[in-house]
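Have a look at the structure below before the remarks.
Every number here is computed from the coordinates shown, using simple stated rules; none is lab data. These figures come from a predicted structure and were not determined experimentally. Reconstructed Cβ throughout: ideal geometry from the backbone, glycine too, with neighbour counts over all protein chains shown.
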Amino acid sequence: MAAFITRAVTEESGAVDWARDGEAGLEMMKTYEYDAIVLDLMLPKIDGLAVCRALRATGKRTPVLIVSARDMVADRVRGLDAGADDYLTKPFAVEELLARLRALERRHDHAPAVLHVGDLRLDAATRAAQRGARSIALTAREYALLEYLMRRAGTILTRTMIADRVWNCAFDPGSNIVDVYVKHLRDKIDDPGKPTFIQAVRGAGYVLRDPQAAES
């Protein structure tokens with residue numbers, strides 16, 4: 001089940017860490033910042049309910065989605081009372097799991113479903129991108145990169161930050177994968193001969209800004 005969920009989220013261009021028991025999972029939750037947590041109840045060492053309670057005791061408000069074969073109303077109530085934000089019973093359709101995760105992330109960070117920077121528009125629900133009236137076709141990885149940049153518009157993001165968020169990997173200083181994908185995006189979203197949305201910051205990384213606002 002964990003491998004199935006990991007593969008499904010990765011195919012949606014998400015970055016995933018997988019803990020094989022409750023003890024390891026709780027330590028990861030305390031150490032790192034996640035957009036959302038998928039938590040099974042039947043875990044070795046520490047069960048899911050105890051993990052959720054311990055996480056909330058630290059003050060962290062990361063959204064938690066419990067997945068469990070326990071489908072009684074009392075089970076769902078215990079999960080929500082332990083601090084979970086949502087409860088999904090097995091078996092479930094992967095589309096529903098992904099939709100619930102997207103909804104939890106939107107509620108948690110209060111981010112709008114539709115992002116706007118200048119006349120660049122990205123719909124996080126449909127994954128549709130537009131520049132003015134022009135539709136932009138994106139690959140899954142291009143979408144993940146553009147969404148990350150737009151959600152943090154105006155913030156300088158290092159290549160290491162981008163690689164970790166979009167590719168879920170330690171950044172190799174000798175790799176140019178981030179630069180290659182930035183060029184792909186520029187080719188798709190920018191107007192030829194005009195200033196770019198994605199600006200390089202020498203020695204730092206990249207920042208997405210409205211080029212028309214920068215000109216004025």
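Overview of results
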quantity: Folded to 0 to 90 degrees: helix 2-11 orientation relative to the chain principal axis, Cα; calculated: 20
quantity: Contact order normalised by residue count of the stretch 134-216, Cα under 8 Å, 6+ apart, percent; calculated: 35
quantity: Gain upon complete extension [H184, A2; 0.36 nm per residue less C-alpha separation]; calculated: 62.3 nm
quantity: Rounded tilt (10° steps) of 140-151 against the dominant C-alpha axis of the chain; calculated: 80
quantity: Coil-residue GluC sites (Glu not before Pro) of the stretch 71-124, DSSP, other Cβ within 10 Å capped at 15; calculated: none
quantity: The stretch 1-58: trypsin sites (Lys or Arg not before Pro) in DSSP coil with no more than 16 other Cβ atoms inside 10 Å; calculated: R20, K45
quantity: Under the Debye formula (equal points on every Cα, no solvent term), log10 I(q)/I(0) of the stretch 1-121 at q = 0.19 Å⁻¹; calculated: -1.08
quantity: Förster-model FRET efficiency, 45 Å R0, A200 and F92, C-beta, rounded to 0.05; calculated: 0.60
quantity: Relative contact order (%) - the chain, alpha-carbon pairs under 8 angstrom, separation at least six; calculated: 16
quantity: Equivalent ellipsoid semi-axes, the stretch 84-216, via Cα gyration tensor eigenvalues times 5, rooted, Å; calculated: 28, 19, 14
quantity: The stretch 36-43 - phi-based ³J(HN,Hα) in whole Hz, Karplus 6.51/-1.76/1.60, Gly and Pro as x; calculated: 6, 10, 9, 10, 7, 8, 8, 10
